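J.: This is the structure I have questions about; it appears just below.
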């Protein structure tokens, strides 16, 4: 399943990038974050690994992720190493008058054949809500 | 001429010899991974489960998880907790569960062994902890799991505390796992310990209870051996702060019990309706 939410933030692209590329700030703008741990030391970049779990349904769902794209200040993408199969991405694009268009995307695929497909579909609403809330909080943080 | 004692001995041998030896190698992470979405659907939609405090479990190394047991032969909280553990720590972290001899030897439940379920005895438990794995035990076992529904919020190990020695000898902490809701998945009326004695299954198969319960779709059920439909009781599970296993058996057991009971009381107080939660 691929779920995507967008918003326009009234802030400079570099300022938005500073937040989404700082692992310490993830717990401050991501709701439902049940677990966020840094595995590799140092600043975020290609190869950096984190443990991320969102509370989706009854339990924390996620796993170890690795950053695979780190194109300042445009693209930040990760892929999962363990746990549920997942790719995530922040896309930052410049908009008029110093504003930034932000896209937050998650593609995920549960294992287990048919039941996995059903679980994917059922989780979509909650995943979408989590993405939307994330962008809302991010926007509020940057515009305050 | 063969007496009744010989017949009993023969029957006991037939049961015991069918209990599979603990083989920790039967756990299959890929199999577990494939089952998680199904469990997730069941836990999230049917049982509307909520699992809290998984971060209190040490991140690595062996640990003894001690829970209160509910739900008869279909204990929903066991499935929910297994899902939560495997999801939170990944199927890569070795995790075993102790279960009654009859559970691990029943042919239709063979797949449970791939989940890491092994027969409940001291030796298997020791092997699992020595291998560095997390181990889930329910000391109350078949005594606690068949308690009548009006005792659903009572933690009762029936005096069993061998788990303390197990943890101390292995040098691992005890993490209490409190859960509520499981005992509302059927209307348990009586443990039927008298029935177990009458049928002599207490000696034959280490089965101390032959419960009597009301459960769909059958109505009145004796023994809970036939598959039934569990009621969609809301399951809430709280992982609690680790307890050091060093010290006197009774003192540690007391600590674990009071921690579990206070957790169960807290979770029970949040419930407004039976089953619905």
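J.: Identify, please: which residue in segment A:76-90 is surrounded by fewer than 18 Cβ atoms within 10 Å (Cβ to Cβ) and over 10 Å from the mean Cα position of the chain (by Cα) and is, among those, farthest from residue A:13 (Cα to Cα)?
T.: The residue in question is A:82.
J.: Taking residue B:8 as the residue in question, decide whether it is part of a helix (DSSP H, G or I), touching a helix residue (DSSP H, G or I) at 6+ places or on another chain (Cβ under 7 Å) and farther than 12 Å from residue B:237 by Cβ.
T.: The answer is yes for residue B:8.
Here's the yes/no breakdown for (1) modelled with pLDDT of 95 or more; (2) within 14 Å of chain B (Cβ to nearest Cβ):
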site: A:75; (1), (2): yes, no
site: A:86; (1), (2): yes, yes
site: A:113; (1), (2): no, yes
site: A:133; (1), (2): yes, no
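Listed here are the residues, each with its yes/no results for (1) surrounded by fewer than 17 Cβ atoms within 10 Å (Cβ to Cβ); (2) more than 20 Å from the chain's Cα centre (by Cα); (3) farther than 20 Å from residue B:67 by Cα.
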site: B:168; (1), (2), (3): no, yes, no
site: B:172; (1), (2), (3): no, no, no
site: B:177; (1), (2), (3): no, no, no
site: B:183; (1), (2), (3): no, no, no
site: B:191; (1), (2), (3): no, no, no
site: B:213; (1), (2), (3): no, no, yes
site: B:219; (1), (2), (3): yes, yes, yes
site: B:226; (1), (2), (3): yes, no, yes
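J.: Please pick out the residue among A:41, A:14 that is modelled with pLDDT under 95 and either more than 14 Å from every other protein chain (Cβ to nearest Cβ) or surrounded by 17 or more Cβ atoms within 10 Å (Cβ to Cβ) (or both).
T.: Selected residue: A:41, the only one of A:41, A:14 that is modelled with pLDDT under 95 and either more than 14 Å from every other protein chain (Cβ to nearest Cβ) or surrounded by 17 or more Cβ atoms within 10 Å (Cβ to Cβ) (or both).
J.: Now a separate question. Exactly one condition in (1) touching a strand residue (DSSP E or B) at 6+ places or on another chain (Cβ under 6 Å); (2) within 14 Å of chain B (Cβ to nearest Cβ) is false for residue A:101; which is it?
T.: Single failed check for residue A:101: (2).
J.: For the list (1) crowded, with 16+ Cβ neighbours inside 10 Å; (2) within 19 Å of residue A:22 (Cβ to Cβ), I need the number of the one condition that residue A:111 fails.
T.: The single condition residue A:111 does not satisfy is (2).
J.: Next question. Could you please find all residues in segment A:75-92 being over 19 Å from residue A:35 (Cα atoms) and touching a residue at least 24 places away in the same chain (Cβ under 8 Å)?
T.: Passing the criteria: A:76, A:90, A:92.
J.: Tally the residues that are outside any helix (DSSP H, G or I) and either touching a helix residue (DSSP H, G or I) at 6+ places or on another chain (Cβ under 6 Å) or within 14 Å of chain B (Cβ to nearest Cβ) (or both), restricting the search to segment A:17-33.
T.: 4
J.: Which residues, counting only those in segment A:51-68, are free of Cβ contacts under 8 Å to residues at least 60 places away in the same chain, within 14 Å of chain B (Cβ to nearest Cβ) and buried (at least 20 other Cβ atoms within 10 Å of the Cβ)?
T.: Across segment A:51-68, the qualifying residues are A:51, A:52, A:53, A:58, A:59, A:60, A:62, A:63, A:65.
J.: Can you tell me which residue in segment B:230-251 is surrounded by the fewest Cβ atoms within 10 Å (Cβ to Cβ), limited to those that are in contact with a strand residue (DSSP E or B) (Cβ under 7 Å, 6 or more places away or on another chain) and modelled with pLDDT of 95 or more?
T.: Among those residues, the one meeting the criterion is B:242.
J.: Condition check: within 16 Å of residue A:134 (Cβ to Cβ), within 14 Å of chain B (Cβ to nearest Cβ) and buried (at least 16 other Cβ atoms within 10 Å of the Cβ). Does residue A:36 satisfy that?
T.: yes
J.: On to the next question. Would you point out which residue out of B:81, B:157 is surrounded by fewer than 24 Cβ atoms within 10 Å (Cβ to Cβ) and under 13 Å from the mean Cα position of the chain (by Cα)?
T.: B:157
J.: Could you tell me which residue of segment A:107-144 is farthest from residue A:58 (Cα to Cα), considering only residues that are in a strand (DSSP E or B) and under 14 Å from the mean Cα position of the chain (by Cα)?
T.: Looking at the filtered set, the residue picked out is A:107.
J.: Mind listing whichever residues of segment A:110-143 are in contact (Cβ under 8 Å) with a residue 60 or more places away in the chain, closer than 17 Å to residue A:53 by Cβ and touching a helix residue (DSSP H, G or I) at 6+ places or on another chain (Cβ under 7 Å)?
T.: A:134, the sole residue that qualifies.
J.: Specify the residue that is farthest from residue A:37 (Cα to Cα); the eligible residues are those in segment B:45-67 that are within 12 Å of another protein chain (Cβ to nearest Cβ), touching a residue at least 40 places away in the same chain (Cβ under 8 Å) and not in a helix (DSSP H, G or I).
T.: The selected residue is B:47.
J.: For residue A:93, all conditions in the list (1) away from chain B (no Cβ under 14 Å); (2) surrounded by 16 or more Cβ atoms within 10 Å (Cβ to Cβ) hold save one; what is the number of the exception?
T.: So residue A:93 meets the others, but not (2).
J.: Within segment B:174-228, track down each residue that is in contact with a strand residue (DSSP E or B) (Cβ under 7 Å, 6 or more places away or on another chain), without any contact (Cβ under 8 Å) to a residue 60 or more places away in the chain and not in a strand (DSSP E or B).
T.: Matches in segment B:174-228: B:192, B:210.
The values are calculated or read from the model by the stated rules, or taken from the named source; none is laboratory data. These numbers come from a predicted model, not from an experiment. Counting neighbours? That spans all protein chains shown, and the Cβs are built from the backbone with ideal geometry, glycine included.
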